[in-house]
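Inspection log for the structure reproduced underneath, given as structure tokens.
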There are 2 protein chains.
Amino acid sequence: MSILVVGSVFFDSIETPHGKAQRALGGAATYFSVAASFFTPVRMVAAVGEDFPKAEMDFLAKRGIDLSGLQVRPGLTGYWAGRYHEDMNQRDTLDLQLNVFADFQPQLPASHRDARYVFLANIDPRLQSMVLDQLAAPGLIGCDTMNHWIAGSRAELERLLRRVGILVINDEEARQLSGEQNVVRAARRLLTMGPQRVLIKRGEYGVIQFSADSVFAVPAFPLEEVFDPTGAGDTFAGGFMGELARSGDNSEKGLRRAIVYGSVLASFVVEDFGLGRLRALTHEDIERRYRQFVSLTDINGA
Amino acid sequence: MSILVVGSVFFDSIETPHGKAQRALGGAATYFSVAASFFTPVRMVAAVGEDFPKAEMDFLAKRGIDLSGLQVRPGLTGYWAGRYHEDMNQRDTLDLQLNVFADFQPQLPASHRDARYVFLANIDPRLQSMVLDQLAAPGLIGCDTMNHWIAGSRAELERLLRRVGILVINDEEARQLSGEQNVVRAARRLLTMGPQRVLIKRGEYGVIQFSADSVFAVPAFPLEEVFDPTGAGDTFAGGFMGELARSGDNSEKGLRRAIVYGSVLASFVVEDFGLGRLRALTHEDIERRYRQFVSLTDINGA
């Protein structure tokens, strides 16, 4: 089964303690799509400007990403510039130009309305709901959000969450959205708001998944160097939802496997700036690191 | 095989967002010993004052803890008072009276000098070395330390580490001792300083173990309430080293199982003030939570 994603495509200028990258291809929908494309065909719904390079279009298309929902609009592609601190959990935004993303309205091509697996990357919850309104028979809906919408558009976000199966957010967002400091209580509260599953991303500490009757925690892959954390969360979501759409296995076992694949993809993307590492990634790389995750976490391992 | 531990026995007055406890039995050697006593006989080497209650002596003895190395000295038992913040990773020390602990010199009874499994809880590294000097044929030596000694007694600590098999410290200490911010690089550096294994405690995120050729990460058990984090690290070490001494299995598999047992014990101790939860703990409780850890971490689980 293919996966449909709606979100942002940006150019990012990134500075980390290890170096810098100028106008690297980025945005949540991009990281998600490229990661998911290792597992299943992807349909990307987003907006770029007339400046968007043909070479990047070709790169995305060659990865099996259907670009018929990608609007090319008069103006410039969104742009973000940021600088990470020595502690790379902290970063400052140096510049933000929304450009054509400012009045982005997701319009699904007729051919996309049959989508079963859908991921709503972090955009205005009104737009996320608009996407769901256009689907004929939505199946498994995943969704991300951020502090800006939790604080400023809570009612719209809560309406959306009632239609969402899997919420994928980070620990700070989980606390803010639930009003609970403790991660278990936060997740239990979020599970009452609609989603059947809540996946909480904990950066270098990995991911913890909650459902009504199960908890699953997986560490992040221990890396000696993180070059650029940009897009790690969206890359996780892409690997996770991509593998779910590929397998069609929404059992606890299928979800756990998908969470590990998401963690594998996220562990690669931070090894280089922007999408650099994913551009060179192979299925053999992915399977090798999956096996390393098994060895890293196996209580009965040797 | 029995396990010998050297460290502090204190009374703790503790305030957390959930309540308070006055003069609860505490100290690293106490938490360690009680946790380890669920797995194997324990020999405790420490000093208390004449005020130490007979009821607590009886409690420790009944748990199979050999107190022949516990010095009862003129004066008072050490005392610590602290208050945890809303974020319980932070705490303030309100009072500290070392009392008889101030000039504690570990003297092993002749009957203890054959000890094979030994844990050097956090005390002056000069005293930790003194303990090793008294052992006839030390086997597996575990060791903890803290920021105070890393900053003020580095040479003595480095001398000690060359004699230690397993270093058990928290992430902040690992960074300080290694001079590396990244946990993998920190562990690799610490492995060059003597220990064959480095276990890094990451609080609510669990434990990660490094050796020359393996990495193992286990999350902490997700709890809805942490009543009192005091002693969690020492309780982890007690469950870990206690299980290792019980099984005599120092293989990677044996170490992983011991790390999970340590995590199980630590997950219980924080559920009540001081040693409260461990006083009522049963082997059935431990085995049930061990199985929950398997389910929590099993990539192939359902």
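B:GLN90 versus (1) under 30 Å from B:LEU190 (Cβ atoms); (2) surrounded by fewer than 14 Cβ atoms within 10 Å (Cβ to Cβ); (3) more than 20 Å from the chain's Cα centre (by Cα); (4) not hydrophobic (A, V, I, L, M, F, W, C): which is the lone unmet condition?
(3)
Just one of A:ARG63, A:ARG113 is more than 21 Å from A:TRP149 (Cβ to Cβ) and within 19 Å of the chain's Cα centre (by Cα); which is it?
Details: A:ARG113 fails: within 19 Å of the chain's Cα centre (by Cα).
Of the residues listed, the single one that is more than 21 Å from A:TRP149 (Cβ to Cβ) and within 19 Å of the chain's Cα centre (by Cα) is A:ARG63.
How do the pairs read when you match residues in segment B:284-300 that are more than 13 Å from chain A (Cβ to nearest Cβ) and free of Cβ contacts under 8 Å to residues at least 40 places away in the same chain with residues anywhere that are assigned to a helix (DSSP H, G or I) and surrounded by 18 or more Cβ atoms within 10 Å (Cβ to Cβ), using Cβ under 8 Å and keeping only pairs 6 or more apart or on different chains?
B:ASP285/B:PHE268
What strands (runs of 3 or more DSSP E), lying completely within segment B:116-231, carry at least 1 residues that are more than 14 Å from chain A (Cβ to nearest Cβ)?
Where strands (runs of 3 or more DSSP E) fall fully within segment B:116-231 and carry at least 1 residues being more than 14 Å from chain A (Cβ to nearest Cβ), they are B:117-120, B:140-143, B:166-170, B:197-201.
Taking the criterion of being surrounded by 15 or more Cβ atoms within 10 Å (Cβ to Cβ), out of contact with any Asp or Glu (no Cβ under 6 Å at 6 or more places or on another chain) and on the phi > 0 side of the Ramachandran plot, would at least one residue in segment A:67-79 satisfy it?
Yes; the residues of segment A:67-79 include at least one that is surrounded by 15 or more Cβ atoms within 10 Å (Cβ to Cβ), out of contact with any Asp or Glu (no Cβ under 6 Å at 6 or more places or on another chain) and on the phi > 0 side of the Ramachandran plot.
So A:VAL270 fits all but one of (1) out of contact with any Pro (no Cβ under 6 Å at 6 or more places or on another chain); (2) surrounded by 18 or more Cβ atoms within 10 Å (Cβ to Cβ); (3) within 21 Å of A:LYS20 (Cβ to Cβ); (4) touching a residue at least 40 places away in the same chain (Cβ under 8 Å); what number is the exception?
(1)
Listed residues A:LEU67, A:LEU25; which is among the aliphatic types (A, V, I, L, M) and without any contact (Cβ under 8 Å) to a residue 60 or more places away in the chain? Before the answer, list the steps.
Working: A:LEU25 fails: without any contact (Cβ under 8 Å) to a residue 60 or more places away in the chain.
Exactly one residue qualifies, and that residue is A:LEU67.
Return yes when A:GLY49 is under 22 Å from A:THR235 (Cα atoms), in contact (Cβ under 8 Å) with a residue 12 or more places away in the chain and either surrounded by 15 or more Cβ atoms within 10 Å (Cβ to Cβ) or not polar (S, T, N, Q) (or both) and no when it is not.
Criteria not met by A:GLY49.
Take B:ARG189 and tell me if it is more than 30 Å from B:GLN71 (Cβ to Cβ) and surrounded by 21 or more Cβ atoms within 10 Å (Cβ to Cβ).
no
Can you name the residue in segment A:207-228 that is surrounded by 23 or more Cβ atoms within 10 Å (Cβ to Cβ) and of a type in the set (Gly, Ala, Ser) and, of all such residues, is nearest to A:ARG83 (Cα to Cα)?
It comes out as A:ALA220.
Could you list, in sequence order, all residues of segment B:205-226 that are out of contact with any Leu (no Cβ under 6 Å at 6 or more places or on another chain) and free of Cβ contacts under 8 Å to residues at least 24 places away in the same chain?
Matches in segment B:205-226: B:TYR205, B:ALA212, B:ASP213, B:GLU224.
Residue pairs, Cβ under 7 Å, 6 or more apart or interchain, first in segment A:80-109 and within 14 Å of chain B (Cβ to nearest Cβ) and over 23 Å from A:GLU225 (Cβ atoms), second among the acidic types (Asp, Glu) and in a strand (DSSP E or B). List them.
Close Cβ pairs (under 7 Å, with a partner that is among the acidic types (Asp, Glu) and in a strand (DSSP E or B)) do not exist here.
Taking segment B:74-110, which residues are of a type in the set (Ser, Thr, Tyr) and either over 28 Å from B:GLU156 (Cβ atoms) or assigned to a loop (DSSP other than H, G, I, E, B) (or both)?
Matches in segment B:74-110: B:THR77, B:TYR84.
May I ask you to list the residues in segment B:1-26 that are in a loop (DSSP other than H, G, I, E, B) and in contact with a helix residue (DSSP H, G or I) (Cβ under 8 Å, 6 or more places away or on another chain)?
B:MET1, B:SER2, B:GLY7, B:SER8, B:VAL9
Tell me yes or no: at least one residue of segment A:43-51 is at pLDDT 95 or above, in a loop (DSSP other than H, G, I, E, B) and farther than 27 Å from A:GLU225 by Cβ.
Yes - at least one qualifying residue is present in segment A:43-51.
Would you confirm whether or not segment B:242-257 contains a residue that is within 10 Å of chain A (Cβ to nearest Cβ) and surrounded by 22 or more Cβ atoms within 10 Å (Cβ to Cβ)?
yes
Are any of the residues in segment A:44-58 within 28 Å of A:SER263 (Cβ to Cβ), under 17 Å from the mean Cα position of the chain (by Cα) and among the charged types (D, E, K, R)?
no
The values are calculated or read from the model by the stated rules, or taken from the named source; none is laboratory data. Note that this is a predicted model, so its numbers are computed, not measured. Positions of Cβ are backbone-derived with ideal geometry, glycine not excepted, and every protein chain shown enters the neighbour counts.
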